[in-house]
Amino acid sequence: MHIPDGLIGPGTSFGASAVAVGALAWCVRDQHTSIDDRQVPLAGMAAAYIFAVQMLNFPVASGTSGHLLGGVLAAVLVGPRLGAVCVSVVIVVQAMLFADGGLSALGLNIVNMALVGAIGGYAIFVTLRRVLPRRPQSVVLASGIAAALAPPLAALMFTLEYALGGNEAASVTTVAASMVGAHVIIGIGEGVITALTVSAVITARPELVWGASNLDALQHTPAGAAAGTAASTAASTAIDRMR
Amino acid sequence: MPLVSSRKASGGTTAIVVAGLAVALALAFFVSPNVSSSPDGLEMVAAQLSIDTGERPHAMDDGTLADYTIRGVDDPALSKGLAGVIGVAATFSVATVGFALLRRTARRRVDVGAVPIPGPPS
């Protein structure tokens, strides 16, 4: 999913850079309201983990591979704004140290992988959380589904960039169909890896998972355990659904 | 989110950060040399549809760490594994130092001690 130099024209690349800079400035603005001391090493770890997992290309259709983008994962762990910065750090390190992703395409790649995943994907996650019961399993499920949708959404964003600054060798609809088709399959891997990782962290330290900070079970553990009958669970689920 | 003593909170965070970094380093060193080397979705589509005619080589294609290998380390698995370890360390360092600086700047701006605890996401 890393766009190399020259694939998209300079005007569109510059525009994407402007969007990326503006969005990241918003992400780090007023961080005293959204970052605490514990989140600094946690966000660093999330970035390092995403770097490692992005190296793990898994085979998809014949002769094609895919890898985690990580935007939804980062957003669920440390919040959408810090999460977008985490993935952006990964993209910059990849481009500057490992020659992966063009230097002139940094803005494009940050928009497609960091912003679409951590901001757009997180919006899907929050929407799913609203309709699912307030249980840890719901956080895992919502993060998996949102993560599965992030690569096809990134593919659509790439298509938009191609429409604006591509070489016009193929029609926009052809590019959209091919890109979304390939990334729907990659999305399954993204969803599984994200759900497994969120599940592991939520089991170990649920209070550190940003996207799990409004769970009933965490807020009143004794009452939650006492009220663990099928009837009350069903009732609270019904109430949650109506909200 | 309940308020806990900073000592306890930082100890608990340290454990999970160390665990996460250990997993990341292990994946980078042991697993990354053995993964699929097929082109990814974008490379595949770009080649199939010939939309990559304008592509230029990366300015750092001859760099020491280009394409997740270390120049001079001949064993391919070791080369990629070590490059991955360097990448994990670099990413963690850049992100942690960056966030810590951001945190300090933010603190100075709002006066120490007046830092609210983050709220729920929705």
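The values are calculated or read from the model by the stated rules, or taken from the named source; none is laboratory data. What you see is a predicted model; the values in this text were computed from it and never measured. Neighbour counts are summed over all protein chains in view; Cβ atoms, including those assigned to glycine, are modelled from backbone coordinates with ideal geometry. We work out accessible area using only protein heavy atoms, side chains counted, and drop any ligands, DNA or RNA first. Shrake-Rupley method; radii C 1.70, N 1.55, O 1.52, S 1.80 Å.
If R0 is 35 Å, the Cβ-Cβ spacing of B:Thr14 and B:Asp61 corresponds to a FRET efficiency of close to 0.35. If R0 equals 25 Å, the separation of the Cβ atoms of A:Val172 and A:Ala123 corresponds to a calculated FRET efficiency of about 0.50. Summed over both chains, the contact between A and B buries some 6000 Å² of accessible surface at a probe radius of 1.4 Å. Look at the stretch A:174-183: the mean tally of other chain Cβ atoms within 10 Å of its residues' Cβ atoms is 4. Relative to the longest principal axis of chain A, what angle (0 to 90°, nearest 10) does the C-alpha long axis of helix A:10-28 take? Between helix and principal axis, roughly 30 degrees. At a probe radius of 1.4 angstrom, the accessible area of region A:10-212 per residue rounds to 32 square angstrom. Remark on A:Ser65: its backbone amide H falls under 5 Å from those of A:Val60, B:Asp40, B:Gly41, a criterion applied only to residues 5 or more positions apart or on other chains, H modelled at 1.01 Å from N. Computed from Cα atoms, the angle from the helix A:136-165 axis to the main principal axis of chain A rounds to 20 degrees. Full extension of the chain between B:Arg71 and B:Thr53 gives 3.7 nm of extra length, using 0.36 nm per residue less the Cα-Cα distance. Among residues other than A:Ala182 with Cβ under 13 Å from its Cβ, the summed charge is -3 (Lys and Arg +1, Asp and Glu -1). For region B:57-107, the set of trypsin sites (Lys or Arg not before Pro) satisfying both a DSSP loop assignment and a count of at most 15 other C-beta atoms within 10 Å is given as B:Arg71.
In order along region A:195-204, phi translates into HN-Hα couplings of 4, 4, 5, 4, 4, 5, 5, 5, 6, 6 Hz, rounded to whole numbers, per the Karplus curve 6.51 cos²θ - 1.76 cosθ + 1.60 with θ = phi - 60° and x for Gly and Pro. Spin-label model, A:Ser62/B:Ser36: points 7 Å from Cα along the beta carbon direction are separated by 1.4 nm. A simple spin-label model places the labels of B:Ala26 and B:Leu101 3.3 nm from each other, with each point 7 Å out along Cα-to-Cβ.
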